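Presented below is the structure to which this report refers.
Derivation of every value follows stated rules applied to the coordinates shown; laboratory data play no part. Keep in mind it's a predicted model, so treat the numbers as computed, not measured. As a convention, Cβ positions derive from the backbone with ideal geometry for all residues, glycine included, and neighbour counts pool all protein chains shown.
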Amino acid sequence: MRALNKKRVLVTGGAGFLGSHLCERLLEQDCDVLCADNYFTGSRDNVAHLLGNPHFELMRHDVTFPLYVEVDEIYNLACPASPIHYQHDPVQTTKTSVHGAINMLGLAKRLNAKIFQASTSEVYGDPAVHPQPEEYWGNVNTIGPRACYDEGKRCAETLFFDYHRQHRLPIKVIRIFNTYGPRMHPNDGRVVSNFIMQALKGEPITVYGDGSQTRSFCYVDDLIEGFLRFMAAPAGVTGPLNLGNPGEFTMIELAEMVIRLTRSASRIEHRPLPQDDPKQRRPDITKAKALLNWEPRVPLEDGLGRTIAYFRNRFFA
Ligand code: NAD
Ligand code: UDP
Ligand code: UDP
C-alpha cells in the first residue's frame with residue numbers, strides 16, 4: 001500500500017533525457033513517481049538505476065491514448081525533441097503534442113491535479129525579437145519541416161490555457177530553451193551531442209551553415225531545479241515562463257570549445273544549413289528570476305565537461 005503522505009507524480013516522457021533527471025529529483029524529494037513512456041526516443045536504460053526503488057513505477061504508454069491513473073501532479077514531457085526525431089514521423093509528432101495534451105489535461109481535470117507542460121523556445125520560431133520575452137508571439141512557418149513540432153507545441157499551450165480558463169485547471173507552462181547534459185541521445189542530431197560524439201571519435205565536427213547562428217545552452221540540473229520551483233510556485237504563476245541559460249554562443253564557438261575540452265584532433269567541416277534553422281536564440285529570463293528566484297548556475301564549459309565525461313564513460317570506455 002502506498003504511504004498516504006507521499007505525493008504521487010506522473011511524468012510522461014519520463015524515460016527520456018529530461019524526464020529521467022526529473023524522475024530522479026522527484027524521488028529525492030520523497031514523491032511516488034509513475035513514469036509513462038512509449039520509448040520512441042527514450043529508453044529503459046535512462047531509468048534503469050531507478051527500477052529498484054519501490055517508489056518508482058515504469059509503464060509503457062503512448063500519450064495519444066487515454067490514461068486512467070490516480071496521481072496528484074502531472075509533468076507532461078512526452079514528445080520527441082530533436083529535429084531528426086520529430087521530423088521522422090511528423091504526423092505522429094503533432095498527435096503526440098496535441099492528442100497527448102488533451103488526454104493529460106482530461107486526466108488532470110478528472111483529478112483536479114496540477115499539470116505542467118514542457119513547451120519550448122520553438123514556439124518563437126525564427127524570432128524577429130531578440131532576446132525572446134514571454135510576450136513575444138513568435139515567427140513560425142506553419143507549413144515548414146519544423147511546424148509539426150512548433151505548431152504542435154503552440155496548440156498544446158492553447159489547450160493548457162483554455163483548460164485553465166474553462167475548467168479552472170491549475171497549470172504550469174514552461175518554455176524550455178536548448179538544454180544539454182548526461183543521457184542526451186547520442187544519435188539525435190542535436191548540436192551538443194553531435195559535436196561531442198564527433199570529437200570523441202576523432203571525426204569532423206559538422207557545423208551547419210557558416211556557424212554564426214547562435215543558441216543558449218542550459219545544463220540539465222539547472223533546468224530541473226527550475227521545473228521544481230515552478231511547480232511549487234503559487235497557483236497564479238501559470239507561465240508561460242522561459243527557462244534557459246542566457247549565455248549566447250555561436251556554433252563555431254561551441255565547436256571550438258568542444259574540441260578544446262575533449263583535446264580532440266577533429267577539424268571543423270561546414271555542411272548545408274537546414275531549412276528554417278533559427279538564426280539566433282537567447283532566453284529573456286527576467287520573469288523566472290523574479291517569480292522563482294531562479295537562474296542557471298552551471299557555466300557552459302563546466303556543463304560540457306560533465307557531459308563529455310558521461311559520453312566518454314558510456315560509449316568509449
Ligand atoms: P527526449 O526525446 O529524450 O524525451 C522525450 C520522451 O518522450 C522520450 O522518452 C520518448 O520516448 C517519449 N515519447 C515520445 N512520444 C511519446 C508518446 N506519444 N507517448 C509517450 N511517450 C512519448 O527529449 P527531451 O530533451 O528529454 O525532451 C523532453 C520534453 O522537453 C519534450 O516535450 C521536449 O519537447 C521538451 N523540450 C526539450 C528541450 C531540450 O533542449 N532538451 C528544449 C525544449 C523543449
Ligand atoms: N482522459 C484520460 N484520462 C482521464 C480522463 C480523460 O485520458 O482520466 C482523456 C479522454 O480520452 C478524453 C480527454 O482526456 O477524451 C479529454 O477529457 P475531457 O474530460 O476534457 O473531455 P471529454 O471527455 O469531454 O472529451
Ligand atoms: N547544428 C550544427 N551541427 C550539427 C547539429 C546542429 O551546426 O551537427 C546547428 C543547427 O543548425 C542549429 C544549432 O546547431 O543552428 C542547434 O541545433 P539543434 O538541432 O541542437 O537545436 P535547435 O535547432 O532545435 O535549437
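Of note:
- Database remark: amide H of Thr179 closer than 5 angstrom to the amide H of Cys218 (H placed geometrically; neighbours at sequence offset of 5 or more, or on other chains; Pro and chain starts carry no H).
- Segment 139-155 - phi-based ³J(HN,Hα) in whole Hz, Karplus 6.51/-1.76/1.60, Gly and Pro as x: 9, 10, 7, 6, 10, x, x, 8, 5, 4, 7, 4, 6, x, 6, 5, 5
- Members of Lys7/Lys95; Lys153/Lys201; Lys109/Lys153; Lys7/Lys172; Lys7/Lys289 lying beyond 23 Å, as alpha-carbon distances in this model show: Lys7/Lys95; Lys153/Lys201; Lys7/Lys289
- Close amide-amide hydrogen proximity is noted between Trp294 and Lys289, each under 5 Å apart and 5 or more residues distant or on a separate chain (H modeled in the peptide plane; Pro and chain starts excluded).
- Partner aspartates and glutamates whose Cα lies under 16 Å from the Cα of Lys114, excluding those fewer than 8 positions away in the same chain, are identified as Asp32, Glu70, Asp72, Glu73, Glu157, Asp162.
- Summed residue charge, Cβ within 10 Å of Arg60's Cβ, Lys/Arg positive, Asp/Glu negative: -1
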